[in-house]
């Protein structure tokens with residue numbers, strides 16, 4: 001562990017394009033907050049570039065995209081590209097919502113590291129992020 | 001992005017948002033690299049016009065901040081924003097949603113918005129927020145806006161040490177006098193009734209007018225009379241007049257030298273806060289290492305020694321050891 005203790009996982013939750021379904025993202029936001037994470041919400045109707053800029057300004061560790069309007073193949077690869085172009089390629093990009101299984105390899109190839117499909121329980125997402133965060137902190141402690 | 005303090009400091013001075021965001025994160029987390037980088041950029045601070053925006057939840061602070069950013073940008077200024085929202089006292093987590101209202105500026109290179117949770121951290125919210133302000137100041141933002149819910153001593157510190165403090169109120173909160181919490185009336189430089197197109201705005205304007213009139217009587221010969229303005233931030237009404245008033249206040253502070261005085265007050269406030277925090281940490285560490293502490297704690301637990309005497313006795317013992 002690092003010496004200073006005020007570290008906290010920061011997550012940006014985003015909605016891209018014309019997708020205006022907010023219930024899922026709201027539930028996730030509260031679950032992550034209750035797990036002790038700091039959640040920043042972009043609001044609706046974001047472009048991939050807006051989300052990438054926000055991720056840089058907020059220096060988040062994780063970007064989570066909620067997608068329920070079948071536009072994931074259109075927006076997510078672009079977001080991954082913008083993140084890399086803006087020097088934020090090391091941030092963890094994940095997504096959740098309505099994503100057909102056959103699209104998952106395409107998204108993973110584009111740089112989305114994990115996709116949570118319909119019906120995923122919030123604690124599964126929390127556990128995934130906790131594990132990822134602990135591994136990241138451990139790697140940093142080794143490098144230091 | 002290279003992660004050495006020097007590289008980050010260089011990036012901050014080159015106005016790279018990624019570097020500024022990283023430095024704010026280091027400072028917020030107490031990472032020692034943050035102190036080193038801050039020391040390097042510190043000589044470039046003290047120029048930004050720091051505007052504090054505060055008021056009750058639902059007053060429209062974020063929407064007003066969004067409108068202020070637009071108007072400041074129209075006037076050719078680069079704008080930094082620190083949006084503070086409460087963290088959960090239970091989990092320590094937070095949902096920070098202020099910037100939802102400001103995302104229209106997400107593609108504007110001249111705007112840098114950073115959300116911040118109160119975190120309940122050692123040294124208080126004020127230090128982390130002042131740190132973030134310093135970073136944006138060093139990045140050459142002409143205006144830095146800090147938005148907070150105006151409750152608690154830390155938040156009062158922030159607003160009272162801004163150059164220009166805007167107190168936002170709204171009609172319909174019930175008891176209009178309660179809408180302005182104790183302390184805010186005293187520190188406000190500008191007063192705004194937002195959502196002024198709603199029912200009840202006349203009442204709250206009258207109430208505020210009266211309270212400000214009383215305030216004026218207790219402090220005669222002031223060179224600034226706080227203006228009372230009405231806005232409808234969502235429709236961008238009254239925002240130009242608000243920025244005009246902010247500019248007038250800024251000009252007055254520059255003219256009278258009060259601008260520099262507030263920067264000095266802020267530095268001193270930070271210094272004393274750090275001194276207090278670090279000396280307390282040192283004494284606590286020493287006390288915990290002293291075997292006598294366990295005995296004193298047992299006595300306090302048992303009720304045979306009162307907490308006041310216990311603290312005094314232990315500190316006396318520690319000071320003898322140091323001397």
Looking at (1) at pLDDT below 80; (2) buried (at least 19 other Cβ atoms within 10 Å of the Cβ); (3) within 14 Å of another protein chain (Cβ to nearest Cβ), find the lone condition where residue B:122 falls short.
(2)
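Here's the yes/no breakdown for (1) surrounded by 22 or more Cβ atoms within 10 Å (Cβ to Cβ); (2) within 21 Å of residue B:266 (Cβ to Cβ):
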{"position": "B:81", "(1), (2)": "yes, yes"}
{"position": "B:90", "(1), (2)": "no, no"}
{"position": "B:97", "(1), (2)": "no, no"}
{"position": "B:102", "(1), (2)": "yes, no"}
{"position": "B:112", "(1), (2)": "yes, yes"}
{"position": "B:116", "(1), (2)": "yes, yes"}
{"position": "B:134", "(1), (2)": "yes, yes"}
{"position": "B:145", "(1), (2)": "yes, yes"}
I need a count of the residues in the stretch B:215-257 that are over 17 Å from residue B:188 (Cβ atoms) and either touching a helix residue (DSSP H, G or I) at 6+ places or on another chain (Cβ under 8 Å) or part of a loop (DSSP other than H, G, I, E, B) (or both).
8
If you scan the stretch A:15-59, which residues turn out to be more than 7 Å from every other protein chain (Cβ to nearest Cβ), closer than 26 Å to residue B:118 by Cβ, surrounded by 21 or more Cβ atoms within 10 Å (Cβ to Cβ) and touching a residue at least 60 places away in the same chain (Cβ under 8 Å)?
A:28
For the stretch A:88-110, enumerate the residues that are touching a residue at least 24 places away in the same chain (Cβ under 8 Å) and either surrounded by fewer than 17 Cβ atoms within 10 Å (Cβ to Cβ) or away from every other protein chain (no Cβ under 14 Å) (or both).
A:92, A:93, A:94, A:95, A:96, A:97, A:98, A:99, A:103, A:106, A:107, A:110
The condition from (1) surrounded by 16 or more Cβ atoms within 10 Å (Cβ to Cβ); (2) more than 30 Å from residue B:172 (Cα to Cα); (3) modelled with pLDDT of 95 or more that residue B:50 misses is numbered (2)
Just to be sure, is residue B:197 modelled with pLDDT of 90 or more, in contact with a helix residue (DSSP H, G or I) (Cβ under 8 Å, 6 or more places away or on another chain), farther than 20 Å from residue B:77 by Cβ and assigned by TED's automatic domain parsing to the domain that holds residue B:143?
yes
Among the residues that make up the stretch B:138-154, is at least one of them over 30 Å from residue B:218 (Cβ atoms), part of a helix (DSSP H, G or I) and modelled with pLDDT of 95 or more?
yes
Can you tell me which condition residue B:238 does not meet? The list is (1) touching a strand residue (DSSP E or B) at 6+ places or on another chain (Cβ under 8 Å); (2) under 21 Å from residue B:160 (Cβ atoms), and all the others hold.
(2)
The condition from (1) modelled with pLDDT of 95 or more; (2) under 20 Å from the mean Cα position of the chain (by Cα); (3) within 28 Å of residue B:97 (Cα to Cα) that residue B:30 misses is numbered (1)
Could you check, for the stretch B:211-221, whether at least one of its residues is in the same structural domain as residue B:187 (by TED's automatic domain parsing) and in contact (Cβ under 8 Å) with a residue 40 or more places away in the chain?
no
Going by what's in this entry, would residue B:263 be described as in contact (Cβ under 8 Å) with a residue 60 or more places away in the chain and in contact with a helix residue (DSSP H, G or I) (Cβ under 6 Å, 6 or more places away or on another chain)?
no
Being more than 26 Å from residue B:28 (Cα to Cα) and either surrounded by fewer than 21 Cβ atoms within 10 Å (Cβ to Cβ) or not assigned by TED's automatic domain parsing to the domain that holds residue B:159 (or both) is the filter here, so list the residues in the stretch B:58-79 that pass it.
B:58, B:70, B:71, B:73, B:74, B:75, B:76, B:77
From the options B:300, B:295, residue that is in contact with a helix residue (DSSP H, G or I) (Cβ under 6 Å, 6 or more places away or on another chain), outside the structural domain of residue B:76 (by TED's automatic domain parsing) and without any contact (Cβ under 8 Å) to a residue 24 or more places away in the chain:
B:300
Residue count for the stretch A:95-137, restricted to those that are within 20 Å of residue A:27 (Cα to Cα) and in contact with a strand residue (DSSP E or B) (Cβ under 8 Å, 6 or more places away or on another chain):
15
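The values are calculated or read from the model by the stated rules, or taken from the named source; none is laboratory data. Computed from a prediction, not measured in an experiment: that's the story for all the values here. Here the Cβ is made from the backbone with ideal geometry for all residues, glycine too, and neighbour counts use every protein chain on show.
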